[in-house]
Amino acid sequence: MKTAPSGREAPGVSSHPEKQQRAGIKPLLLAALLGLASGVISSPNHIAFAGNLCEPSFQIGGQIEGKCLNLVTGWGWPTAFITDSAAVSVVGRVGPDDSFSLGNLLVNILFYYGVLSLTLGRGKQIGSR
C-alpha cells in the first residue's frame, strides 16, 4: 500500500484490489442482464431469405436457384439478436425455429456496458465535487 507523506493512503490507490475487481464486474453483469432483457423489444422489417416462390420484385437470382426476400420480426435492442426464421417460424412470435445471433447479443451487451460505464463515470465525477 502506498502512503502519502502524511501517513494516509495516497489518492487513487486502493488497498483492496478484490473490491475493485468486484466493482468492475457488477456493471458487466448488469449490462449482460440488460442485453438479454432487451429481447422483449420487438422490431419489424429485418430481411431474411427463404424459398424461391414469390413475386419477381422480391426474388434474387432467378426463379429456380434464387431466393426470396422476406421481411421478418426481430427481438433485441439496439440490434436484434433473435429473428424469425422466414421459412418455418410463426411470424411475429419467438419459437425454437427462430434464429439466434450471439454476435448481435454481444453487441447489445457492449452497448449497455458502454452506457453504464459513462453513466457511472459521470456520477463519480459529480460526487467528487
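The values are calculated or read from the model by the stated rules, or taken from the named source; none is laboratory data. Treat the numbers as computed from the prediction; the structure is a model and nothing was measured. We place every Cβ from the backbone using ideal geometry, glycine too, and count neighbours over all the protein chains shown.
Things to note:
- Against the list (1) over 30 Å from LEU120 (Cα atoms); (2) at pLDDT below 85; (3) among the acidic types (Asp, Glu), the condition GLU9 fails is (1).
- Selected residue (criterion: farthest from ALA86 (Cα to Cα)) from residues of the stretch 43-59 that are aliphatic (A, V, I, L, M) and surrounded by 10 or more Cβ atoms within 10 Å (Cβ to Cβ): ILE47
- Cβ pairs under 6 Å, 6+ apart, first in the stretch 104-120 and among the β-branched types (Val, Ile, Thr), second in a helix (DSSP H, G or I): ILE109/ALA31; ILE109/ALA32; ILE109/GLY35
- Checked against (1) crowded, with 18+ Cβ neighbours inside 10 Å; (2) of a type in the set (Val, Ile, Thr); (3) modelled with pLDDT under 75, ILE109 passes all but condition (3).
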